[in-house]
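For reference, the structure is listed below as structure tokens.
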Amino acid sequence: MSGPRPPRLVTAAAARWRTCGLPSIIKMIRLWAKREEQIHGVVESTAGLYGDLQGIIGRSLLEIDRLELPLLNGPSADVAE
């Protein structure tokens, strides 16, 4: 950790942060946080709609594997034995 290389690495990293601009990085973080909330809302709404349709239509509704909840105490195909 001593010698000329570590200070050069720190200086290079600092220069890259300066060229990126801290305000634009903060703006991107906020944008992605907002996008994450939007995606979470879409997923919740879709799952809720699917659950409502299951309640109304019952077993005749075709299953959508990605929207089904896994069994808590039953066997799982995903678990390697």
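Throughout, read-outs are computed from the coordinates displayed, never taken from laboratory work. Computed from a prediction, not measured in an experiment: that's the story for all the values here. Here the Cβ positions follow ideal geometry from the backbone for every residue, glycine too, while neighbour counts run over all protein chains shown.
Please give me, ordered by residue number, the GluC sites (Glu not before Pro) of the stretch 9-58 that lie in loop per DSSP and have at most 16 other Cβ atoms within 10 Å.
Counting only loop positions with at most 16 other Cβ atoms within 10 Å, none of the GluC sites (Glu not before Pro) in the stretch 9-58 qualifies.
Testing the spin-label approximation: label points 7 Å from Cα along Cα→Cβ at THR19 and THR46. State their distance in nm.
For the pair THR19/THR46, the computed spacing is 3.8 nm.
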